[in-house]
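S.K.: The structure follows.
The values are calculated or read from the model by the stated rules, or taken from the named source; none is laboratory data. Fair warning: this is a prediction, and the values are worked out from it, not measured in the lab. We place every Cβ from the backbone using ideal geometry, glycine too, and count neighbours over all the protein chains shown.
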Amino acid sequence: MNQSSTLTEEAPAALFARPDTLTEAITNYCPGCSHGIIQRLVAEAIAELGVAAKTVGVCPVGCSVCAYDFYSVDMAQAAHGRAPAVATGLKRVYPENVVFTYQGDGDLASIGMAETVHAAARGERITVIFINNAIYGMTGGQMAPTSLPGQVTQTSPYGRDVALEGYPIRVCEMLSSLDGVALAERVSVDKPATVRKAKKAIRKAFEYQIAGLGFTIVEVVATCPTNWGLTPAAAFDWLRENMLPYYPLGVYKDSKAV
Amino acid sequence: MSEKVLMKGNEALAEAAIRAGCRHFFGYPITPQTELAAYMAKRLPREGGLYLQAESEVAAINMVYGAAAAGARVMTSSSSPGISLKQEGISYMIGADLPALIVNVQRGGPGLGGIQPSQADYWQATRAVGHGDGHIIVLAPATVQEMADMAALAFELGDAYRTPVMILADGLLGQMMEPVVLPEPLNSADLPAKPWALTGHGNAREHNVVNSLFLVAQELEDSILERWQRYRAIQEKEQRAEKYLTEDAEYVIVAYGAVARIARSACNLARAEGIRAGLIRPISLWPYPVAALQETVANAKAYLVSEFSMGQMVDDVRLALAGSRPVNFFSHTGGIVQTPDELLVALRRLAAGESIDLVPYQSRLA
């Protein structure tokens, strides 16, 4: 990072500078949405590890569909759910490159579940950043594979009925049974302490990828204030009260820790 | 000069693709393209390349998308139902201007259809290979030699015009053995540079983006117009067809792929009876070789289209001739292969002044 050396009037900007792995483009995320934080943590990790020059990101369909404008590393846009397959192609041509995907819950755990599970099973040396906010954001708030039992969405207007629509999928728990997975960790960004933890997990995932240990996934339990119909602060309260009990934070697989 | 070897069409295409610089293959098993994938699985690791069996055709084509985005000469192969699954990815590759080779060793359809030779994906390949306002180049081999020769051509055209290219073969060509002279291996240093590829910016350039999304309508229109300028250049420069005995032909068969071989025999039989028959064999199905067809109009009294389908190319022939000559049709479908004798009878009837538009359920030619 290119930080200002003098702490004068420019001090605040220097203390919280934009990592040069992000462009100056204004994001299309709603105010108060967790994406801004998570996107930045990923950018910081890439910058701190000094791998921006050989990093390629993949942004599929969802709220992060325009992330190719936000990251200053090489970027591929991918079809809905197909990011792990696209990342596989990118990585297999240049195995020394660092390849990450940035996917939402509908993308990763619904339409792209096959690509996710098989990339993990192959031990594909990619890093998946999985934003789980229990709803389809981009299309305006439909039920996601991670929507909670009873959760009201545009397409579950009477609340998610598990008898009718089945149960939410706990992705980290599921993937942790696969031998190809080097790291599966669930984090949150609802307060400074969890943001710091999330940053550590994301950085670790990239480090494991660079070390060639296998497939790495960091699931970030996140908010969607707009489609949840809550203020940003109330959304974090809802996350702590409803999501974290169903999606406990923690490390589900760490091949180095074994 | 390489020696002549006896190979299956699927294997000859695979070997030729490797010699054309292809080091990455992503596929999913399906009959009747199996030999192609199996050959790649055996050979590519020994060439420092990668054969990866994907979890589905959907994943395979998206791996191709990723590898093509990284700048590799990359291919996949499948057969009709599998190509349907790849259509999403092909559309994205068109939209992102990514070159790659897609091989369709056609089988019968719709649905699971059958595993016998078919040309029933002509419409899909030339008209609707994916959603949106786009095309891909489609090449149709008729011999094992051509299966081999088209691999390098497909990669060259794809790189030159930044488009996916399909080799549209069929189970007959794929599994038939013929003598073939394989092309000399290409020097990897001779492959074209791809400054747009996602290789990591290396702190040496602005970041590259591979993308098919344009939320501003004007930007999308501009990107499509730019692509269609390339399509226009392709239509002007890349029409390919073979003509056989067409100089004085009064009755011209139009057939591609394996059917063209049968039609050639029928022409010879007809000539022996004094019927001046000829053959136009489209080699590029998109762009369609309109010029080659129009060049034969002066002497032609009637045209006869024959396919392994209910007549999917026949509209292109009618469009090319623009009503100037009658266009007749005879085919089999579902894996039944027409015989030279059947086409001879059709030619006789044309020579007798009849017009025919026959498919087997209407009337067996006898």
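S.K.: Kindly establish whether B:Ile83 is at pLDDT 95 or above, of a type outside the set (Ser, Thr, Tyr) and in contact with a helix residue (DSSP H, G or I) (Cβ under 9 Å, 6 or more places away or on another chain).
M.R.: It is true that B:Ile83 is at pLDDT 95 or above, of a type outside the set (Ser, Thr, Tyr) and in contact with a helix residue (DSSP H, G or I) (Cβ under 9 Å, 6 or more places away or on another chain).
S.K.: Moving to a separate point now. In the stretch A:119-148, which residues are free of Cβ contacts under 8 Å to residues at least 60 places away in the same chain and part of a loop (DSSP other than H, G, I, E, B)?
M.R.: Within the stretch A:119-148, A:Thr139, A:Met143, A:Ala144, A:Pro145, A:Ser147 qualify.
S.K.: Scan the stretch A:127-134 and tell me whether some residue there is in contact with a Gly (Cβ under 8 Å, 6 or more places away or on another chain), among the β-branched types (Val, Ile, Thr) and within 15 Å of A:Glu219 (Cβ to Cβ).
M.R.: yes
S.K.: Counting only residues that are of a type in the set (A, V, I, L, M, F, W, C) and buried (at least 19 other Cβ atoms within 10 Å of the Cβ), which one in the stretch A:19-36 is nearest to A:Phe70 (Cα to Cα)?
M.R.: Among those that are of a type in the set (A, V, I, L, M, F, W, C) and buried (at least 19 other Cβ atoms within 10 Å of the Cβ), it is A:Leu22.
S.K.: Are there any pairs with C-beta distances below 9 angstrom linking a residue in the stretch A:41-66 that is of a type in the set (Ser, Thr, Tyr) and modelled with pLDDT of 95 or more to a residue that is part of a helix (DSSP H, G or I) and surrounded by 19 or more Cβ atoms within 10 Å (Cβ to Cβ), with the two at least 6 apart or on different chains, and if so which?
M.R.: Every condition considered, the pairs that remain are A:Thr55/A:Ile46; A:Thr55/A:Phe206.
S.K.: Suppose we keep only residues that are within 14 Å of chain A (Cβ to nearest Cβ) and assigned to a helix (DSSP H, G or I) within the stretch B:200-241. Which one would you say is surrounded by the fewest Cβ atoms within 10 Å (Cβ to Cβ)?
M.R.: Within the stretch B:200-241, the match that is surrounded by the fewest Cβ atoms within 10 Å (Cβ to Cβ) is B:Glu219.
S.K.: Is there a residue being within 23 Å of B:Gly257 (Cα to Cα) and among the aromatic types (Phe, Trp, Tyr) anywhere in the stretch B:32-48?
M.R.: yes
S.K.: Still on this structure: Can you work out which of the residues in the stretch A:67-82 that are free of Cβ contacts under 8 Å to residues at least 40 places away in the same chain and at the interface with chain B (Cβ under 8 Å from one of its Cβ atoms) is surrounded by the fewest Cβ atoms within 10 Å (Cβ to Cβ)?
M.R.: Of everything passing the filter in the stretch A:67-82, A:Tyr68 is surrounded by the fewest Cβ atoms within 10 Å (Cβ to Cβ).
S.K.: Then there is this: Within the stretch A:99-115, which residues are facing chain B (nearest Cβ under 10 Å) and buried (at least 24 other Cβ atoms within 10 Å of the Cβ)?
M.R.: Of everything in the stretch A:99-115, those that are facing chain B (nearest Cβ under 10 Å) and buried (at least 24 other Cβ atoms within 10 Å of the Cβ) turn out to be A:Val99, A:Gly112, A:Glu115.
S.K.: Give the residue that is surrounded by the fewest Cβ atoms within 10 Å (Cβ to Cβ), with candidates limited to residues of the stretch B:113-128 that are modelled with pLDDT of 95 or more and of a type in the set (A, V, I, L, M, F, W, C).
M.R.: B:Trp123
S.K.: In the stretch A:49-81, what count of residues is obtained for those that are under 22 Å from B:Ala67 (Cβ atoms), out of contact with any Asp or Glu (no Cβ under 8 Å at 6 or more places or on another chain) and part of a loop (DSSP other than H, G, I, E, B)?
M.R.: The total comes to 4.
S.K.: Next question, about the same structure. Only one of these conditions is not met by B:Arg276: (1) without any contact (Cβ under 8 Å) to a residue 60 or more places away in the chain; (2) under 24 Å from B:Ala169 (Cβ atoms); (3) not aromatic (Phe, Trp, Tyr). Which number is it?
M.R.: Status for B:Arg276: all satisfied but (2).
S.K.: Here's something else I'd like to know. Within the stretch B:1-109, which strands (runs of 3 or more DSSP E) (wholly inside it) include 2 or more residues that are closer than 21 Å to B:Gly171 by Cα and more than 10 Å from chain A (Cβ to nearest Cβ)?
M.R.: Answer list for the stretch B:1-109: B:4-8, B:24-27, B:74-78, B:100-106.
S.K.: With (1) in a strand (DSSP E or B); (2) within 28 Å of B:Gly49 (Cβ to Cβ) as the list, and A:Arg92 as the residue in question, which single condition is left unmet?
M.R.: (1)
S.K.: For the stretch B:296-316, enumerate the residues that are under 13 Å from B:Val259 (Cβ atoms) and crowded, with 21+ Cβ neighbours inside 10 Å.
M.R.: B:Leu304, B:Val305, B:Ser306, B:Glu307, B:Phe308, B:Ser309, B:Gln312, B:Met313, B:Val314, listed by residue number.
S.K.: When the residues of the stretch A:147-163 are narrowed to those that are among the β-branched types (Val, Ile, Thr) and over 17 Å from A:Thr223 (Cβ atoms), which ends up surrounded by the fewest Cβ atoms within 10 Å (Cβ to Cβ)?
M.R.: A:Val162
S.K.: Look through B:Ala351, B:Ala320 and report the one residue that is touching a residue at least 12 places away in the same chain (Cβ under 8 Å) and either assigned by TED's automatic domain parsing to the domain that holds B:Leu173 or within 20 Å of the chain's Cα centre (by Cα) (or both).
M.R.: Going through B:Ala351, B:Ala320 in turn, just one is touching a residue at least 12 places away in the same chain (Cβ under 8 Å) and either assigned by TED's automatic domain parsing to the domain that holds B:Leu173 or within 20 Å of the chain's Cα centre (by Cα) (or both): B:Ala320.
S.K.: Residues that are at pLDDT 95 or above and more than 20 Å from A:Gln39 (Cα to Cα): list the strands (runs of 3 or more DSSP E) wholly contained in the stretch A:170-258 that include at least 2 such residues.
M.R.: The qualifying strands (runs of 3 or more DSSP E) are A:181-188, A:250-254.
S.K.: Assess whether A:Ala134 counts as being at positive phi, crowded, with 16+ Cβ neighbours inside 10 Å, away from every other protein chain (no Cβ under 14 Å) and among the small types (Gly, Ala, Ser).
M.R.: Taking the combined requirement at face value, the residue satisfies it.
S.K.: Can you tell me which of A:Leu183, A:Leu244, A:Leu178 is surrounded by fewer than 24 Cβ atoms within 10 Å (Cβ to Cβ) and in contact with an Asp or Glu (Cβ under 9 Å, 6 or more places away or on another chain)?
M.R.: A:Leu244
S.K.: Can you pull out every residue in the stretch B:311-324 that is closer than 20 Å to B:Arg349 by Cβ and part of a loop (DSSP other than H, G, I, E, B)?
M.R.: B:Gly311, the sole residue that qualifies.
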